[in-house]
Each structure stands twice: as C-alpha cells, then as structure tokens.
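The values are calculated or read from the model by the stated rules, or taken from the named source; none is laboratory data. This one's a predicted model, so the numbers in the text were calculated from it and none came from an experiment. Here the Cβ positions follow ideal geometry from the backbone for every residue, glycine too, while neighbour counts run over all protein chains shown. Heavy atoms of the whole protein, side chains included, go into the accessibility calculation; ligands, DNA and RNA do not. Shrake-Rupley method; radii C 1.70, N 1.55, O 1.52, S 1.80 Å.
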Amino acid sequence: MRLATPRYQRSLFSCRYRAPYLPLLRFSRTYSYGTGRPLISFSPAKSKEISFESLVPSTRTCLPPELSRRNRMADAEYEPGSEAADAVLASLKDKLQKDADAKERAQELVLNLQDIQSKIGAAKTATVNHREDDEVLLIAVSKLKPAIDILALHDNGQIHFGENYVQELWKKYPILPPTISWHFIGSLQSSAISKLARIKNLHAVHSIDNAKKAVTLNRMRPDDFPPINVYVQVNTSGEDSKSGLEPSSDELWDTVSTIRKECSKLKFKGLMTIGAIARSQAAKEGEENEDFITLVKVAQEIEERIEREDGEKAILSLSMGMSDDFENAISLGAGCIRVGSSIFGARPKKADATIL
Ligand SMILES: *Cc1c(COP(=O)(O)O)cnc(C)c1O
C-alpha cells in the first residue's frame, strides 16, 4: 500500500469534514491511502454513539505506523466548549475514577507535587533576596505529557501549568477544565502568536523576546478576554542556543517599555531566564546559579530605570528555576518556578508524545 502523495493530502485537507462532534473522522480523513478513501469512516449519526474510549485505539491502530508515530501530537483539535471537547473531558474523568493504572499514576503525580511543595516551603525559609510578597508560584511544566496527567493534578488543586509548544497547548486546552491557568514558556514563533492570543485561559507568556511580538500578541488578544501576564526572556548565559534578549541591552529596555506603555491587554510581570545547564547542575550541587544572579541584577536595573524615567515604583517578578535548581532560584528571589520532570517524570521524545 502506498501513502497519498503530498498534493493529494493537501486537497484532502481542504475538504475536511468539519462537524464539531466528529473530530476523529476529520483526523482519519487527513491520512488516507492512495485511493483517496478515508481510512476509517463513520456515518455522523453512528459516531455520536461510539464512545471515545472505543474510538481512539481503533483509529490509531488503523493508521500506517509511520503516520501514527509522526502525528501523535496531531490528535484531534477540539472546539473549546463543544460537545466533543466535553465528552473527552468526561471520559478522562471517568478513567481517573475507574481505571486502576490511571489511579495509581494520579497518586504518584500528587506525591511528586507534594514533595516539590514541601521543598518550596523549605527554600522560602532560606530566602535571602526577598523581592515580592514571598509567594512562589509553582508552574507544573506538562509539555509532552498527556492530558490525563494534567487533570489528575488539577483535581488535586494545581492550577498553573506550563507548555512549550503552541500546537500542543492548542490541542490540550479545549479538552481540559477552563479553571486551569496556562503558561506558555516555549520559544515564541511569530506565526503562532494568533493561536496563543485566542486561548482565553492563557495566564502568562514567559518568552517574549522582542517588542514586535508583544505588540502582535496585544493586538490579537480579544478585547473581552483577560489580559495576559508577560515576562521578557533574558539570555543570561549568552548561549546561541537560547532565546532571549541580552542583559542590559537597549532592546531589552525597549521591549519592557513597549509592553508597559503600548500593550493594554498585556500585563508586564517581569523577567524570565532558562540559563545554562552546567550552571543549573552547579546549583544542584549547592552553588549559586550565575544566571539567576544576573537576572536579579538586570531586574534591579530595570526597576531603577522605571523609577527614574517614569516616576513609578515597580517590582519585577522573576521566572527562574526548574527541576534541578528551583531551590536556589527561590533563595535568590524567584517569583515563579517552572518544574517539569520532578513532577511528571522523564519526558518522551516529541515524536512519541501523546495527548490522549
Ligand atoms: C521544559 C522546561 C522546564 C521544565 O524543566 P524540568 O527540568 O523538566 O523541570 C522549565 N522551563 C522551560 C522554559 C522549559 O522548556
């Protein structure tokens, strides 16, 4: 059997079935063999009765292996608030209640979260550089992890979740509760900004790295949606592989000023850094992470300049610290930390990740 040629696939894309309660039909139609017939087809009336549980595995196993692997993250897109999206959420909830493996996984996740929370408490006590009101926001970084993991933690009170890929967040948020506060922490492509802006419960973007992207995000945010908190990313380690603006650069100040003065639908919160892995590991061994020290210094410069030029008092929040070094970040004044693998375990490769 041969796969459809790219040109043929394109024409299939344009005639995708758009019935909102048939997202899987849409999915299956996208990838058909050379004959052009959908791989699996359901009549609309019937599909409504087919349970979600029975649909997903059969869809997957019917796909050619290369396609199903490459397109795992391309699971269906759901309209937020649609019947189909609600049905997926209901089936996830059901699974968490009834499935023994799912329950065990949920328990493990909650224990991991509690462990991090108690470490946060201890690190706060040791804090030398208090910046804000001592609250440390824990963002559970759920990139490449399935929706059910997020739901399990949300059911246990975790509100803030971080994602790195717009496409993945775009598929996760409609099938998860709107009470989640999403944080976008990945590298920000201009072409993806319009999607981000349309996610109503997008709480914050941590990776603004120029004024233009901030202006675009602001322009595209619907007027009746809540404002988005934004952090400007600083490349404190000077590595080419890292995004972010140079510490103390004019561009950094321009970006901060543009957000503060021209972006009424964005709320300037502060600065974010990822930092070098080696420094992160040093922090794990008990040394101070130089990247965090740089970010604190840059934040102080900006606070002083805001006071000098605008006559306003500002306290910047610092988004810094991950699994290996969040305790050091807190002791240096982090306002929010982004912890992934210590809560969710090691991540799969992007090609192997699934949402459902
Ligand atoms: C993946 C990621 C994290 C979480 O990293 P862990 O080491 O798994 O805790 C935090 N911040 C950013 C920007 C990330 O991409």
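Here are some notes:
- Picking from residues in the range 271-294 that are part of a loop (DSSP other than H, G, I, E, B) and over 25 Å from the mean Cα position of the chain (by Cα), the one that is nearest to Arg131 (Cα to Cα) is Glu288.
- Leu137 hydrophobic (A, V, I, L, M, F, W, C) and either open to solvent by less than 10 Å² (accessible area, probe 1.4 Å) or away from the ligand (no atom under 16 Å from the Cβ) (or both): no
- Qualifying residue in the range 156-173 (condition: at pLDDT below 95, assigned to a loop (DSSP other than H, G, I, E, B) and in the same structural domain as Val296 (by TED's automatic domain parsing)): no
- Any hit, the range 250-264, residues being in contact with a strand residue (DSSP E or B) (Cβ under 7 Å, 6 or more places away or on another chain) and open to solvent by 60 Å² or more (accessible area, probe 1.4 Å): yes
- First in the range 154-181 and among the aliphatic types (A, V, I, L, M), second anywhere and open to solvent by less than 30 Å² (accessible area, probe 1.4 Å) and within 13 Å of the ligand (Cβ to nearest atom), Cβ under 6 Å, 6 or more apart: Leu169/Glu163; Ile180/Phe161
- Test: residue in the range 237-248 that is more than 16 Å from the ligand (Cβ to nearest atom) and of a type in the set (Lys, Arg): no
- Yes/no for Leu113 being surrounded by 15 or more Cβ atoms within 10 Å (Cβ to Cβ) and touching a His at 6+ places or on another chain (Cβ under 7 Å): no
- Per-region count, the range 321-355, residues away from the ligand (no atom under 13 Å from the Cβ) and open to solvent by 50 Å² or more (accessible area, probe 1.4 Å): 2
- Residue check, Arg221 buried (at least 21 other Cβ atoms within 10 Å of the Cβ) and either more than 24 Å from Ser341 (Cα to Cα) or small (Gly, Ala, Ser) (or both): yes
- For the range 301-320, the set of residues classified as touching a Ser or Thr at 6+ places or on another chain (Cβ under 9 Å) and either part of a loop (DSSP other than H, G, I, E, B) or within 16 Å of the ligand (Cβ to nearest atom) (or both) consists of Leu318, Ser319, Met320, listed by residue number.
- Out of Ile228, Ile302, sole residue that is assigned by TED's automatic domain parsing to the domain that holds Ala334 and within 25 Å of Glu327 (Cα to Cα): Ile302
- Qualifying residue in the range 269-291 (condition: away from the ligand (no atom under 13 Å from the Cβ), closer than 29 Å to Ile175 by Cα and in contact with a Cys (Cβ under 9 Å, 6 or more places away or on another chain)): yes
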